[in-house]
Amino acid sequence: MVAGHSNSFLKAPAKPRTGGVASTVREPARSRVYIAMVAFFCVFAAIGGRLVTLAMQQTEQGSSYIAAEKPSAARPDILDRNGEILATDIKSASLYAEPRKIPDPDEVFEGLISVLPELNTPRIAQRLRGDAAFIWLKREITNEQRDRIHSLGLPGVGFREETLRFYPGGNTVSHVLGTVNVDGRGISGIEKYIDQAWLNDLRELGFTSEEGLEPVRLSIDLRAQYAVRDELKRAMEHHKAKAAIGIVLQADTGEVVAMSSLPDFDPNDRSEALRPDRLNRATAGVFEMGSVFKGITVAMALESGKVSIDDSFDARKPIRAGGRTINDFHGKRRILSVPEVFIYSSNIGTAKMMLEAGIDEQKQFLKKLGLTERPGGELPERAMPLMPPRWNELAAMTISYGHGISVTPLQTAVAMATMVNGGKLIEPTFLPRTEEEAAKVAQQTISPQTSDAVRYLNRLNVLQGSGRRAAVPGYDVGGKTGTAQKVVNGKYVEGLYLNSFLAAFPMSDPKYVVLMMLDEPQKVDGQPYATAGWNIVPTTGAVIRRIAPMLGVKPNFAGDDETIPVKY
């Protein structure tokens, strides 16, 4: 047994397994792969950790970075037709805070309210004590306020450089210009139109962060605009009216030269624009225009060929229709010629004239004048007219003298321009337009002969009728008054009027249409009535007297003493 054990120790070693040498050689290579994988993992882990850190920093600082570093989008200057600045950008600052970086919120709060008392609210104090990364405190502060806050050295408080929209004329052109929100986006008027027309597209492409945008020129004449607003304001205060409207329209191009609606607002204080009584009544309000519509009815009847200017109508008795009585305010109680129906403003004669032409003719004529559709123009605030629910005989008769249908004042002015400019309907615009450009969009709506007749009647009304107080020596003014009773609780109220005067000058070759309105004027001492002839008519005369020289209309005193104008 001993010998057997000895033999076992002396036995030759066993042969290695097949591939053993290869396994020994591969062990170091496999270790290097593992080491490389670990190294790559560490590198990527480091990168990932850094990205997470940066993301957390962006979360904490992102709002403030954007607020403090991102430039505000620029807006183009807005100019009047003569190059006067109506709206422009100026440098401003907005105040923000980073509550996480504020060591003593109470100290910061006390410092802020010492400069901006309006921030003294529990909400602001609570937000400063919060854990938010960024909060706005006040947008659009003055340079003086910024300097005072900066001098306090409050930690966690900063400023963002911004552009502030500034309107040098304040209220003067407010309803035309509109205004912008705190972020510089147009929210009404031409400002909103500019955004919708092209500025939003440029903004999306990133082309509005720099200055140098081409100015936008309007058709508004700032001088005429000021005169219209000034006279309206005086009339509104003197006659204790609740509102007033004024429009000056160039008859041969459709350009709006002036447009005012009172009460208005200061676009530098956009909160005023939100008040309900600051509605732009000229384009966003619809009204029963009253007797100024009689000019439209006369034009319709003459254009139909069923009525001539030499015809007469029996106005001796009121008309009974549909349970209603149609009567005249100061009836002559006799047969009236067409010119007499117009200058005496006979409801009876006008209704009979309409019936002679026909209801269908009336509908088509109002449609051709654009009075049954939303008005044109660049302003977003454009109201749809209100039509009668049933356009029967009674409705047609009341529409003939301006009741039962409600339209915007701007539509009414455009209709007047059509009737006196040779019969061409030209959509209104607040942008410059040449006569050649206007000719391309004009639609021949009535004949030149009918237009001549309307001009004759309007001039006659200023010489002999209710428009006498609008006469301006040398300027050949013509026009038609309107005194529309207002509706309260479904009933027309005597003494509660919307007064208007729809005029043009010079009537020999009309250049401008002027529509002036007073809402609920009161009778004043020395006046027997509160009707249009006693208040808005002389106001229109005052406006024409002021704006005619500005607009380059030369006076012509030949014929001023005529009692009857030369018939067309």
Could you pull out the residue among 124, 149, 190 that is under 30 Å from residue 217 (Cα atoms) and either open to solvent by less than 20 Å² (accessible area, probe 1.4 Å) or assigned to a loop (DSSP other than H, G, I, E, B) (or both)? 190
In region 505-537, how many residues are part of a helix (DSSP H, G or I) and under 17 Å from residue 243 (Cα atoms)? 4
Checking the structure you have, find out if any residue of region 237-257 is part of a helix (DSSP H, G or I) and open to solvent by less than 40 Å² (accessible area, probe 1.4 Å). no
Looking at 552, 559, 490, which is the one that is open to solvent by 10 Å² or more (accessible area, probe 1.4 Å), more than 21 Å from residue 291 (Cβ to Cβ) and at pLDDT 95 or above? 552
Taking region 152-187 on its own, how many of its residues are open to solvent by 30 Å² or more (accessible area, probe 1.4 Å) and within 26 Å of residue 263 (Cβ to Cβ)? 9
If I filter region 203-226 for residues that are over 28 Å from residue 549 (Cβ atoms), out of contact with any Asp or Glu (no Cβ under 8 Å at 6 or more places or on another chain) and open to solvent by less than 10 Å² (accessible area, probe 1.4 Å), do I get at least one hit? yes
Can you pull out the residues in region 103-128 that are farther than 15 Å from residue 138 by Cα and in contact with a Leu (Cβ under 6 Å, 6 or more places away or on another chain)? 105
Among what's in region 523-546 and is closer than 22 Å to residue 463 by Cβ and charged (D, E, K, R), pick the residue that is most open to solvent (accessible area, probe 1.4 Å). 545
In contact with a Ser or Thr (Cβ under 9 Å, 6 or more places away or on another chain), under 28 Å from residue 409 (Cβ atoms), part of a helix (DSSP H, G or I) and free of Cβ contacts under 8 Å to residues at least 12 places away in the same chain - does that describe any residue in region 280-300? no
Could you list, in sequence order, all residues of region 467-487 that are of a type in the set (A, V, I, L, M, F, W, C), crowded, with 19+ Cβ neighbours inside 10 Å and within 17 Å of residue 287 (Cβ to Cβ)? 484
At pLDDT 95 or above and small (Gly, Ala, Ser): which single residue out of 495, 479 fits that description? 479
Of all residues in region 85-121, which are of a type outside the set (Lys, Arg), under 18 Å from residue 268 (Cβ atoms) and surrounded by fewer than 17 Cβ atoms within 10 Å (Cβ to Cβ)? 85, 90, 118
Answer with yes or no whether residue 270 is among the basic types (Lys, Arg), at pLDDT 95 or above, crowded, with 16+ Cβ neighbours inside 10 Å and more than 18 Å from residue 346 (Cβ to Cβ). no
Take the conditions in contact with a strand residue (DSSP E or B) (Cβ under 9 Å, 6 or more places away or on another chain) and modelled with pLDDT of 95 or more and apply them to residue 320. Does it pass? no
For region 518-533, which residues satisfy the criterion of being touching a residue at least 40 places away in the same chain (Cβ under 8 Å), of a type in the set (Asp, Glu) and out of contact with any helix residue (DSSP H, G or I) (no Cβ under 9 Å at 6 or more places or on another chain)? 520
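The values are calculated or read from the model by the stated rules, or taken from the named source; none is laboratory data. From a predicted model like this one, the values you see are computed outputs, not experimental measurements. Because the Cβ atoms are built from the backbone with ideal geometry, glycine has one as well, and the counts that use them run over all protein chains shown. Heavy atoms of the whole protein, side chains included, go into the accessibility calculation; ligands, DNA and RNA do not. Shrake-Rupley method; radii C 1.70, N 1.55, O 1.52, S 1.80 Å.
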